[in-house]
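**Q** Okay, handing you the structure first.
The values are calculated or read from the model by the stated rules, or taken from the named source; none is laboratory data. It should be emphasised that the depicted structure is a prediction, and the values quoted were computed from it without experimental measurement. All Cβ positions, glycine included, derive from the backbone under ideal geometry; neighbour counts span all protein chains shown. These accessible areas exclude ligands, DNA and RNA; they are computed on the full protein's heavy atoms, side chains included. Shrake-Rupley method; radii C 1.70, N 1.55, O 1.52, S 1.80 Å.
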Amino acid sequence: MRSSIILVAGILAAAAATAAAAAITSGPIMGPAKTISRPAFQGYYDGHKDTYLNTDVSSKPEAAMMHVNYSARLASIKGLPEIYLVEGKAAPGQLAVFGSEPGEKTYSPLWDETILTWKPGAKPIVLKSDTQINAVEKKGTLTERSAHVVLNCPIIKVG
């Protein structure tokens, strides 16, 4: 009898522990976590640097060049914030410039790729915000065009 009570108590303790663990980890199960090594990049937003990952793009050539996933479906998504990329000559230290960041109403990990080009004779400066880009464009020394490419590059660290 005593061994039956101990066995039942053990089963009840195990069931309680399982229920407690399930309560702590409730929600969708994604499987066990793993750590991988992946390149991270920095880009500017309103004068400070944010860290981001580049995972998918709607352009096959860019996917091959960047060693990321190609996703044709991304190209159909409209109304995204812009990521500004300088093509051609650029000031030393130029990084991508984001039009939003996590915590803002307009933030999305998906970005509409916008290409910036300095006009001939213009002296490139480091661009660090979309407001600055707009001001330089008004001066007539910088042009912008849509690349018609959507990038999936979530910002993983602000500042």
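**Q** Yes or no: I36 assigned to a loop (DSSP other than H, G, I, E, B), at pLDDT below 95, under 18 Å from the mean Cα position of the chain (by Cα) and aliphatic (A, V, I, L, M)? Steps first, answer last, please.
**A** Details: assigned to a loop (DSSP other than H, G, I, E, B): yes; at pLDDT below 95: yes; under 18 Å from the mean Cα position of the chain (by Cα): yes; aliphatic (A, V, I, L, M): yes.
In short, yes.
**Q** All but one of (1) open to solvent by less than 20 Å² (accessible area, probe 1.4 Å); (2) in a loop (DSSP other than H, G, I, E, B); (3) free of Cβ contacts under 8 Å to residues at least 40 places away in the same chain hold for A63; state the number of the condition that does not hold.
**A** (2)
**Q** Looking at (1) of a type outside the set (D, E, K, R); (2) crowded, with 16+ Cβ neighbours inside 10 Å; (3) under 30 Å from G140 (Cα atoms); (4) in contact with a Gly (Cβ under 7 Å, 6 or more places away or on another chain), which is the only condition H48 fails?
**A** In the conditions (1) of a type outside the set (D, E, K, R); (2) crowded, with 16+ Cβ neighbours inside 10 Å; (3) under 30 Å from G140 (Cα atoms); (4) in contact with a Gly (Cβ under 7 Å, 6 or more places away or on another chain), H48 misses (2) alone.
**Q** Evaluate segment 86-97: report whether one residue or more is surrounded by 19 or more Cβ atoms within 10 Å (Cβ to Cβ), within 14 Å of the chain's Cα centre (by Cα) and outside any helix (DSSP H, G or I).
**A** Yes; the residues of segment 86-97 include at least one that is surrounded by 19 or more Cβ atoms within 10 Å (Cβ to Cβ), within 14 Å of the chain's Cα centre (by Cα) and outside any helix (DSSP H, G or I).
**Q** Moving on to the next point. Of everything in segment 66-75, what is touching a residue at least 12 places away in the same chain (Cβ under 8 Å) and exposed (fewer than 12 other Cβ atoms within 10 Å of the Cβ)? Give them in sequence order. Walk me through it before giving the result.
**A** Let us first name the residues in segment 66-75 that are touching a residue at least 12 places away in the same chain (Cβ under 8 Å), namely 66, 68-75.
Within segment 66-75, A72, R73 meet the criteria.
**Q** Would you call K60 more than 20 Å from the chain's Cα centre (by Cα) and not polar (S, T, N, Q)? I'd like the intermediate steps shown before the answer.
**A** Values: more than 20 Å from the chain's Cα centre (by Cα): no; not polar (S, T, N, Q): yes.
Against the criterion (more than 20 Å from the chain's Cα centre (by Cα) and not polar (S, T, N, Q)), K60 does not qualify.
**Q** Working carefully through the options K105, K138, find the one that is assigned to a loop (DSSP other than H, G, I, E, B), modelled with pLDDT of 95 or more, exposed (fewer than 14 other Cβ atoms within 10 Å of the Cβ) and not aliphatic (A, V, I, L, M).
**A** On the way: K138 fails: assigned to a loop (DSSP other than H, G, I, E, B).
Within the list K105, K138, the selection yields K105.
**Q** Pick from segment 141-154 the residues that are closer than 24 Å to I125 by Cα and assigned to a strand (DSSP E or B): which of them is most open to solvent (accessible area, probe 1.4 Å)?
**A** Here is the first cut: in segment 141-154, the ones closer than 24 Å to I125 by Cα are 141-147.
Keeping just the survivors that are assigned to a strand (DSSP E or B) gives 142-147.
Working: L142: 6, T143: 57, E144: 69, R145: 114, S146: 48, A147: 26 Å².
If we take residues in segment 141-154 being closer than 24 Å to I125 by Cα and assigned to a strand (DSSP E or B), then R145 is most open to solvent (accessible area, probe 1.4 Å).
**Q** Oh, and also: Out of all the residues in segment 114-127, is one or more open to solvent by 20 Å² or more (accessible area, probe 1.4 Å), within 18 Å of the chain's Cα centre (by Cα) and at pLDDT 95 or above?
**A** Among the residues of segment 114-127, not one is open to solvent by 20 Å² or more (accessible area, probe 1.4 Å), within 18 Å of the chain's Cα centre (by Cα) and at pLDDT 95 or above, which makes the answer no.
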